[in-house]
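The next block holds one structure in the form of structure tokens; read it before the comments.
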Amino acid sequence: MNPYKILIIDDNRAVLRSLKLMLSGVFKAVAAVPDPHLIPALIAAGDVDVVLLDMNFDNRKLDGEEGLFWLNRINEQPNPPAVVLITAFGDIDLAVRSVQQGAEDFITKPWDNDVLISKLENAILKHREKQKSAMLASKASELENKISQDRRLSLDELERQHITDVVAQENGNLASSAERLGISRQTLYNKLKKFGILA
């Protein structure tokens, strides 16, 4: 059994029961509901790893637009789970659109159990890699911005910033701050006065 939590959304209760029964032996936790309006509340805690989302909830309209709508709502959440879309009315164009809009994968009904399980587990791993890459890119961007800002600072400003950071890290202890900076306590005191940190 894998350690993941899955949320299944399908308005066909027979399909919902069948999926829940089958996936309960594979996933650590399985939640299954027929109403997509419950999605925001169910994923708010951030503990859902993947959503298996039906694409049609209105029998008069079977174009998959509802699935795409809810896919977008999921992806608007902070730290959203992976999404795999499922429908009996799938086609290649819809599959391409769903992946372009952020789904990790797409499967049609009737499904093969082994294929579905494989797609769900792969979707989680792929989604986590994307999130990790995005986080690293964000950190790299922050670091680049900081370096860029530091380049614009004068030597005095850089020194003032460094001394201020060290003193803060040492909770205002001048003796240990001076030791970390490799200067005497008196020199540190003079610099703090020079930079207006001490009156």
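Helix 113-152 axis versus longest C-alpha principal axis of the chain: approximately 20°, rounded to the nearest ten. Note on the chain: Kirkwood hydrodynamic radius from all Cα pairs is 20.5 Å, rounded to one decimal. Put a dot 7 Å past the Cα of residue 73, heading toward its Cβ, do the same for residue 135, and the two dots end up 2.7 nm apart. List the aspartates and glutamates whose Cα sits under 12 Å from the Cα of residue 194, skipping any in the same chain fewer than 8 residues away. Of all the aspartates and glutamates, those that pass the test against residue 194 - Cα under 12 Å, at least 8 places apart if same chain - are 156, 157, 159. Once you sort the root eigenvalues of the Cα gyration tensor of segment 130-199 as a ≥ b ≥ c, which label holds: rounded (a/c under 1.5), prolate (a/b larger than b/c) or oblate (the other case)? Prolate, because a/c is 1.5 or more and a/b exceeds b/c. Average accessible surface for the chain: 59 Å² per residue, computed with a 1.4 Å probe over protein heavy atoms with every protein chain in place. Stokes-Einstein diffusion coefficient for segment 9-78 at 37 °C in a medium of 0.692 mPa s, Rh from the Kirkwood formula over Cα pairs: what value in µm²/s? The calculation lands on 256 µm²/s. For the peptides 178-190, 76-88, the ranking by mean Cβ contacts within 10 Å, running from highest to lowest, is 76-88, 178-190. A Förster radius of 22 Å combined with the Cβ-Cβ distance from residue 125 to residue 28 puts the calculated FRET efficiency at roughly 0.90. Leaving ligands, DNA and RNA out of it, report the carbon-plus-sulfur percent of the accessible area of the chain at a 1.4 Å probe. Of all accessible area on the chain, carbon and sulfur atoms account for 53 percent.
Here segment 34-147 is treated as a sphere whose radius is the Kirkwood value from Cα pairs; by Stokes-Einstein at 10 °C and 1.306 mPa s it diffuses with a coefficient of 105 µm²/s. Only helices enter the 222 nm calculation for the chain: every DSSP H run of n ≥ 4 contributes -39,500 (n - 2.57), and dividing by all residues gives -18000 deg cm²/dmol, rounded to 500. When the Gaussian network model of the chain links Cα atoms closer than 10 Å, the mean-square fluctuations of 68, 143, 94 top out at 143.
Checked against a 24 Å cut-off, the cross-linked pairs 61/109; 61/126; 28/61; 20/132; 28/139; 5/139 give Cα-Cα distances beyond that limit for 61/126; 28/61; 20/132; 28/139; 5/139. Starting from segment 48-140, pick out the trypsin sites (Lys or Arg not before Pro) whose DSSP state is loop and whose Cβ has at most 13 other Cβ atoms within 10 Å. Within segment 48-140, the qualifying trypsin sites (Lys or Arg not before Pro) (loop, at most 13 other Cβ atoms within 10 Å) are 60. The angle separating the long axis of helix 13-24 from the principal Cα axis of greatest extent in the chain is about 50 degrees. Measuring between their Cα centroids, segment 137-199 and segment 63-119 lie 51 Å from each other.
The values are calculated or read from the model by the stated rules, or taken from the named source; none is laboratory data. Quantities reported herein were computed from a predicted structural model and do not represent experimental measurements. As a convention, Cβ positions derive from the backbone with ideal geometry for all residues, glycine included, and neighbour counts pool all protein chains shown. Please note that ligands, DNA and RNA were not included when accessible areas were found on the heavy atoms of the full protein model with its side chains. Shrake-Rupley method; radii C 1.70, N 1.55, O 1.52, S 1.80 Å.
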